[in-house]
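To start, the structure itself, in structure tokens.
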Amino acid sequence: LALPFTVFAVVGLINAVNMADGADGLAAGLTSTTVVWFLSCALLMGHQVMSFDLIILLAVTTGFMFYNMRTPLRHKAAVFMGDAGSMMLGALLAWFAIQLKHSGTIVQPPPPFAILWMLGLPVLDTVVLMVRRIRQGRSPFSAGRDHMHHIWMHAGFTPGETTLLLMALNTALGAIGFAAWRLGLPEWVLASAYVGLFMLHSIIATHAWKVSKWLKRQKGA
């Protein structure tokens with residue numbers, strides 16, 4: 001089952017990053033934060049070639065954000081990624097995730113669930129919403145405005161603020177996976193915690209607009 005599961009996971013991650021591209025700089029920002037953790041793993045594992053490739057990818061995504069993300073110095077995006085760009089980022093993350101699991105030279109590679117934590121929000125958000133759409137009798141690929149970035153922007157946060165907040169959250173999720181790997185926590189602990197995170201995110205997605213209104217009140221307080 002390894003080969004069909006890998007194909008399914010790669011295609012799923014490609015679509016997850018594509019679906020996360022809902023605010024200026026978001027797809028590149030989430031990819032950058034994941035790449036930082038992948039790079040940290042590759043360096044500790046002594047994988048110099050992968051480390052160099054990840055540095056290039058980090059430079060590309062960070063440089064792109066300077067022209068795509070809204071900031072006080074740039075009020076609108078000068079370039080756009082499009083589906084081809086976001087899907088390419090998803091394919092690259094899938095490739096590096098597979099390579100990390102099978103390329104340890106100095107230390108043992110991170111377990112699959114640690115890598116899943118490092119992939120962070122795109123996978124979590126996409127899987128939760130696909131399950132929710134199936135339960136509603138809709139196509140899992142149907143459009144909607146209940147993604148995580150929609151909740152924050154509906155609460156009154158600008159696209160730039162939304163991107164930075166979700167990047168911070170993605171960084172925190174990756175830190176959990178990385179720390180668990182370095183501390184040698186059993187994979188069942190990571191898996192159980194991820195199920196809990198999945199359930200929490202499901203509740204947030206189910207009550208997306210209530211959460212959005214609560215965030216709006218907190219923002220105005």
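General observations
- Point-to-point label distance, ALA77-LEU183, nm (Cα→Cβ direction, 7 Å offset): 3.7
- Amide H to amide H distances under 5 Å link MET81 with no residue, where only residues 5 or more positions off or on other chains count and H is placed in the peptide plane.
- Residue-by-residue Karplus 3J(HN,Hα) for the range 39-54, coefficients 6.51, -1.76, 1.60, Hz, glycine and proline x: 5, 4, 5, 4, 5, 5, 7, x, 9, 5, 5, 5, 4, 5, 4, 5
- Value of relative contact order over the chain, rounded to a whole percent, pairs C-alpha under 8 Å and six or more apart: 28
- Charged side chains reduced to their Cβ positions (Lys and Arg at +1, Asp and Glu at -1) give the range 2-220 a dipole of some 800 debye around its Cα centre.
- With θ taken as phi - 60° and the Karplus curve 6.51 cos²θ - 1.76 cosθ + 1.60 applied, the whole-hertz 3J(HN,Hα) list for the range 17-27 is 5, 5, 6, 6, 7, x, 8, 4, x, 6, 4 Hz, x standing for glycine and proline.
- Among ALA193, ILE176, GLN136 the positive-end extreme of the charge dipole of the chain (Cβ point charges): GLN136
- Derived scalar couplings ³J(HN,Hα) [the range 182-187; Karplus, 6.51 cos²θ - 1.76 cosθ + 1.60; whole Hz; x for Gly, Pro]: 5, 7, x, 5, x, 5
- Relative packing of 35-42, 75-82, 179-186, which averages over residues the other C-beta atoms within 10 Å, highest first: 35-42, 179-186, 75-82
- Label point distance in nm, PHE8-VAL107, each placed 7 Å from Cα along Cα→Cβ: 3.2
- For the range 33-104, averaging the sequence separation of C-alpha pairs within contact (under 8 Å, six or more residues apart) and dividing by the residue count gives a relative contact order of 36 percent.
- In the range 2-220, the alpha-carbon atoms span a convex hull of 128 Å³ per residue.
- Fluctuation leader among TRP152, TRP117, TRP188 - the chain, Gaussian network, Cα springs under 10 angstrom: TRP188
A short reminder: the numbers here are calculations on the coordinates, not readings from a lab. All figures in this text were calculated on a predicted structure; none of them were measured in a lab. Methodologically, a virtual Cβ is constructed for each residue, glycine included, from the backbone with ideal geometry; neighbour enumeration extends over all protein chains shown.
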